[in-house]
Amino acid sequence: MSVAEAQPPVGIRRDVEEILREGGLSRFHRKAVLVTGAAWTFVAMEILLVGFVQTIFAAKWNLNGTWQGLINSSALAGSLFGSLVLGRLADRIGRRMIFQYAILWYAVFTALTAAAWGPWSVMTLRFLAGIGLGGMLVVDPSMLAEYLPPQRRGRLLVFLDFWWPVGLLLATGLSWVFIGHSVGGADSWRWLFLAASFPAFMAFIVRRTLPESPYYLARTGRTDEAAAVLTEITERPVSPAELETAASERRSSIRELFTRSLARADALMIGVWVALNISYYGLFLWLPFVLNGDKFTIDVYLLLTLSALSQFPGYAAAIWLVDRIGRKPTLAAFLLLGGVSGYAFAAADSATVYVISLFFVGFFNLGAWGVLYPYTSELFPTRVRASAFGLLEGVGKGAAIAGPYIFGNLRDATGGTFWPLTFIALVMAGGGIVATALGQETRGRKLL
């Protein structure tokens, strides 16, 4: 087809969604998925790393379960702050600046964690690194959603979460090298944090190659820039004259998130985000400890690798199901089945049941996370999308902070892991009930 044939009839205006739909997938999208996916790997690795070193911290500074839970939660507390502040800022000044510098902030304070001298300094540095993580958790899915053609948005946003278990595998591998084999001796954990920060510094350079969101540019009346970005994305010439804008739209306000029109979406997403954050972080930040001290003699690194590998088919199933049966039934089913698997893991009386149930906990919990990002993107309009992600990440991370803390307290109170793990299972099942009761299907819905 010639360039002339590719152009729309003179005088016809199209919005960003229509242009992206017509353009389909391009080389740009492959690059965007790889760049955002790499950051997702670092987020997962960073949050989970502290779970591997908590036994060292406990022995070094004589910490009980409550203190260990607080250290586990410190990066999540920073993420809560970063999500709320940087999410709102991204709706005001644009996605790109937050997208670029959040990962640099994270890398700096992850490297500085290697210099920590006690539990309070570890908590402070983890909190500061978490601010950058919060920015990435909010802005990355917003940016990617606003680059993608709508007919592929659901599957490719699930694929973004496909990178999360890569981070778990990387955290497991680095811990096996530095802690399992005592590379660096008594300071092995310091070398571990330095090694974890290096790839993020490299990713900062690569992230600078991605442009601003075309939705944000069009919404703010910057039609020349929006057309240039759409030309880059679609690899077809897009003229500012053919681009429909919303320059006269009122300025976005976070109060819009609390209007009646979004009340059901708010209740649904808050319930599901809370359930997933408590269950994931409550379990996985304690998982190295649970596996290392539990009732079956199985190599802990082998079990952690199995748990990470189980997440890939979970995401693959979610990628297929979100467009096959829809967002709502996939999310609800994965949460309910995750709860069943979690209870089986807690009550396992044989090594076989223990290993199989651990596999399915990872399969269903992380598969549900994969559905969450396209679902959230499609429930909220562009002018408050990053703010919605920020609010939900903030609420979710508040719950995530509570998860490891509650797990530690239940372990101290009961002297075992059955009741903490049962609590995690009940929370997952509760999220499935909320999704079933309040969910609304968004498959094929246009981004507003």
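Values as computed for the structure displayed
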read-out: Enumeration of residues in the stretch 405-441 that are closer than 17 Å to Ile270 by Cα and not hydrophobic (A, V, I, L, M, F, W, C); value: Gly430, Gly431, Gly432, Thr436, Gly439, Gln440, Glu441
read-out: The stretch 75-129: number of residues that are crowded, with 23+ Cβ neighbours inside 10 Å, among the hydroxyl-bearing types (Ser, Thr, Tyr) and more than 16 Å from the chain's Cα centre (by Cα); value: 2
read-out: Failed condition for Ile401, given (1) open to solvent by less than 40 Å² (accessible area, probe 1.4 Å); (2) closer than 18 Å to Trp273 by Cα; value: (1)
read-out: For Trp320: the one exception among (1) within 17 Å of Ser279 (Cα to Cα); (2) aromatic (Phe, Trp, Tyr); (3) surrounded by fewer than 20 Cβ atoms within 10 Å (Cβ to Cβ); value: (1)
read-out: Residue check, Val371 closer than 29 Å to Gly135 by Cα and open to solvent by less than 10 Å² (accessible area, probe 1.4 Å); value: yes
read-out: The stretch 340-356, residues that are touching a helix residue (DSSP H, G or I) at 6+ places or on another chain (Cβ under 9 Å) and open to solvent by 10 Å² or more (accessible area, probe 1.4 Å); value: Val340, Ser341, Tyr343, Ala344, Ala347, Val353, Val355, Ile356
read-out: Pairs with Cβ under 6 Å, 6+ apart, first in the stretch 1-28 and more than 21 Å from Leu148 (Cβ to Cβ), second open to solvent by 20 Å² or more (accessible area, probe 1.4 Å) and at pLDDT below 85; value: Arg13/Glu244
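The values are calculated or read from the model by the stated rules, or taken from the named source; none is laboratory data. A quick note: this is a predicted structure, and the numbers were derived from the prediction, not measured. Heads up, the Cβs are rebuilt from the backbone with ideal geometry, glycines too, and the neighbour counts pull from every protein chain shown. Keep in mind that these areas ignore ligands, DNA and RNA; they rest on the heavy atoms of the full protein, side chains included. Shrake-Rupley method; radii C 1.70, N 1.55, O 1.52, S 1.80 Å.
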